[in-house]
Amino acid sequence: QVQLVESGGGLVQAGGSLRLACAASGRTIRNYAMGWFRQAPGKERDVVAAVSWIGANTYYADSVKGRFTISRDNAKNTVYLQMNSLKPEDTAVYYCAAHTGGLLSLAPANYDYWGQGTQVTVSS
């Protein structure tokens, strides 16, 4: 079993930055693909960014390209999401997830482990 704990969320003004962290415990995640998802009230949970197990391949949703960066530190068993130039429409609960298959995946159903989520609120 893998436990994922997100941190770094909060309230920020539009144009500001936040760095989310996802700390894994229970098992190494070095062989897992990792993803960040978000869910706003009344909306589906959508992928924001994903990274393959070795970190060579990444994916970003069109809405965050050029503003968000996903990275991983396998030595620390941690994945990060750097969020810059935040917009009010980025407001959501952000979830970290692990896909044991290792290859980059966009579908929430493919992810095996999930964190509890961290709230990000961007004020205008």
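The values are calculated or read from the model by the stated rules, or taken from the named source; none is laboratory data. Since the model is a prediction, treat every value here as computed from it, not as a measurement. Backbone-built Cβ (ideal geometry, glycine too); neighbour counts: all protein chains shown. Heads up: the accessible areas ignore ligands, DNA and RNA and are worked out on the full protein's heavy atoms, side chains in. Shrake-Rupley method; radii C 1.70, N 1.55, O 1.52, S 1.80 Å.
Could you give every pair whose Cβ atoms fall below 6 Å, whose first residue belongs to segment 108-124 and is more than 9 Å from Ala98 (Cα to Cα) and hydroxyl-bearing (Ser, Thr, Tyr), and whose second residue is open to solvent by less than 80 Å² (accessible area, probe 1.4 Å) and modelled with pLDDT of 95 or more, counting only separations of at least 6 or pairs across chains?
Once the first residue is more than 9 Å from Ala98 (Cα to Cα) and hydroxyl-bearing (Ser, Thr, Tyr) and sits in segment 108-124, its partners that are open to solvent by less than 80 Å² (accessible area, probe 1.4 Å) and modelled with pLDDT of 95 or more give Thr118/Glu6; Thr118/Gly9; Thr118/Tyr94; Thr121/Thr91; Ser124/Ala14; Ser124/Pro88.
Quick check on my filter: what residues within segment 7-44 are under 14 Å from Glu89 (Cα atoms), surrounded by 13 or more Cβ atoms within 10 Å (Cβ to Cβ) and either aliphatic (A, V, I, L, M) or more than 11 Å from the chain's Cα centre (by Cα) (or both)?
Answer for segment 7-44, where residues must be under 14 Å from Glu89 (Cα atoms), surrounded by 13 or more Cβ atoms within 10 Å (Cβ to Cβ) and either aliphatic (A, V, I, L, M) or more than 11 Å from the chain's Cα centre (by Cα) (or both): Val12, Ala14, Gly16, Gln39, Ala40.
Just wondering, is there one or more residues in segment 58-68 that are modelled with pLDDT of 95 or more, assigned to a strand (DSSP E or B) and open to solvent by less than 40 Å² (accessible area, probe 1.4 Å)?
Looking through segment 58-68, at least one residue is modelled with pLDDT of 95 or more, assigned to a strand (DSSP E or B) and open to solvent by less than 40 Å² (accessible area, probe 1.4 Å).
Do we have Tyr59 as in contact with a Leu (Cβ under 9 Å, 6 or more places away or on another chain) and hydroxyl-bearing (Ser, Thr, Tyr) here?
So Tyr59 fits the description; yes.
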